[in-house]
1. Counting other beta carbons within 10 Å of each residue's own, what order do 31, 121 fall into, fewest first?
2. Viscosity 1.002 mPa s, temperature 20 °C: give me the Stokes-Einstein translational D for segment 38-107 in µm²/s, with Rh taken as the Kirkwood radius over C-alpha pairs.
3. D for segment 70-140, whole µm²/s, Stokes-Einstein with Kirkwood Rh over alpha-carbon pairs at 4 °C and 1.567 mPa s: what number?
4. Over the residues of segment 1-48, compute the C-alpha Rg and express it relative to 2.2 N^0.38 Å.
5. What are the equivalent ellipsoid semi-axes of segment 2-203, built from the alpha-carbon gyration tensor (square roots of five times its eigenvalues), in whole angstrom, biggest first?
6. Kindly put 1, 111 in sequence by how many other C-beta atoms sit within 10 Å of each C-beta, fewest to most.
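No value in this document is a laboratory result; all are computed from the given coordinates. Every value quoted in this text rests on a predicted model; they were computed, and no experiment measured them. Glycine also receives a Cβ, built like all others from the backbone with ideal geometry; neighbour counts cover every protein chain displayed.
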């Protein structure tokens, strides 16, 4: 597999991991909170991209506005859902005839959920560590989660446990990782397996 730098919508920094052989799908992956070090090279995000490429899918990561070499200014989550939409549109430009998946981790999951709740569409969606609470302890403004959406959740997540997410979104499918916290240290192989297995239900 190989990495190819990308420029998304003329303003966002991105990187495309291309598998060996002809890709069968493309997956967009959104990173965690930039104010706490989140960016597209986050180890968990990079691991998901690698696992997707091993499945035979292109994997597109990107930096939200104001992060890394992306233009613009960080808006604290007000406008970043638009960046998810730009990345998905870029993915469709790369793979016009192939299905598109979307994975968001933490803040990236929140932005992916906001984008899809406003009418954005992908063929497969996985939310990882969807934060019910912010780093300041307040409740995040979460839109409804569509029925049957997969949420990969940590049993001990300090920003919203698997049990809390299941109670908040009873029609979602919660894939709980036992003993893990929000950062999934020591559980990332299991996380990657759950994410790619979920995507494969649709992407093949």
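1. Exposure proxy ranking, most exposed first: 121, 31.
2. Rounded to a whole number, D works out at 165 µm²/s.
3. The calculation lands on 100 µm²/s.
4. 1.25
5. Each semi-axis is the square root of five times an eigenvalue, giving 24, 19, 16 Å.
6. The order, fewest Cβ neighbours first, is 1, 111.
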